[in-house]
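First, the structure itself, so that you have it in front of you.
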Amino acid sequence: LNNYSRIINDVVLSYQSYLLNNEIGLESRFKGAFNFELEGSYSFNDLSSDNLENRFENWTANGSTELRFFKHFTWRTNVEYTYFKNQSSGEANDFLIANSSLEYWKESTAWTFKIQLTNAFDTDIKFSNSFNQFQSIENRRFVQPRILLFAVIYNL
């Protein structure tokens, strides 16, 4: 929470800013077993003055899993959900990005076989924001389209 003033061209401008950020997470780390990570976060940003009002809200949830089975197979997934709202303009967006892979690797060989799916829900754009007393920035990150990849890897 900040209250401060700046003098620009002999005019005193007063600003009030407020930032709230909460995060929570849970994870497991078992050798050779099912592992997972879950994280959630909420952030709220507010910057205002006599002629300025910027309010942003973000909700994010992330999850990932790793499962080893039949001794040589590994299945990995990760999912990210984001809800973004610019409360000043009323614009809101939500994004769901998921990736998954299945891998076969035997320790006694140099070969690895892998099937990988990236951006399973074919999300186009992800929004984010940042601001301070000098500027307000709203970013749009273009996400690569859905990709299904079959890979054969040989380690020398």
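The values are calculated or read from the model by the stated rules, or taken from the named source; none is laboratory data. These numbers were taken from a predicted model, which means no experiment stands behind them. Cβ coordinates were reconstructed from backbone atoms using ideal geometry, including for glycine residues, and neighbour counts include every protein chain displayed. These area figures cover heavy atoms from the full protein model, side chains too; ligands, DNA and RNA do not enter into them. Shrake-Rupley method; radii C 1.70, N 1.55, O 1.52, S 1.80 Å.
Return the residues of segment 113-127 that are farther than 25 Å from A92 by Cα and among the β-branched types (V, I, T); say none if nothing qualifies.
Listed by number, the list holds a single entry, I115.
Also: Might you let me know whether segment 39-47 holds any residue that is closer than 19 Å to N99 by Cβ and either among the hydrophobic types (A, V, I, L, M, F, W, C) or modelled with pLDDT under 90 (or both)?
no
Would you mind listing the strands (runs of 3 or more DSSP E) fully within segment 58-156 where at least 1 residues are open to solvent by less than 50 Å² (accessible area, probe 1.4 Å)?
Answer list for segment 58-156: 73-86, 91-105, 111-118, 125-131, 147-154.
Identify all residues within segment 39-56 that are part of a strand (DSSP E or B) and either more than 22 Å from the chain's Cα centre (by Cα) or farther than 29 Å from I137 by Cβ (or both); write none if there are none.
L47, S48, S49, L52, E53
Just for segment 3-23: of the residues that are in contact (Cβ under 8 Å) with a residue 12 or more places away in the chain and among the hydrophobic types (A, V, I, L, M, F, W, C), which one is surrounded by the fewest Cβ atoms within 10 Å (Cβ to Cβ)?
L20
Report, ordered by the first and then the second residue, all pairs with beta carbons closer than 6 Å, sequence separation of six or more or different chains, a first member in segment 85-105 that is among the aliphatic types (A, V, I, L, M), and a second member that is assigned to a strand (DSSP E or B).
Close Cβ pairs satisfying both conditions: A92/K85; L96/Y81; I97/E80; A98/V79; L102/W75; L102/I115.
Please work out if L26 is open to solvent by less than 70 Å² (accessible area, probe 1.4 Å) and either touching a helix residue (DSSP H, G or I) at 6+ places or on another chain (Cβ under 6 Å) or aliphatic (A, V, I, L, M) (or both).
No, not satisfied.
Here's something else I'd like to know. Residue check, Q116 against (1) free of Cβ contacts under 8 Å to residues at least 40 places away in the same chain; (2) closer than 30 Å to N22 by Cα; (3) touching a Leu at 6+ places or on another chain (Cβ under 8 Å), all met but one. Which one?
It is condition (2) that Q116 fails.
If you don't mind, another one. Residue by residue through segment 1-38, note down the ones that are modelled with pLDDT of 85 or more, in a strand (DSSP E or B) and of a type in the set (A, V, I, L, M, F, W, C).
L20, I24, L26, F36, L38
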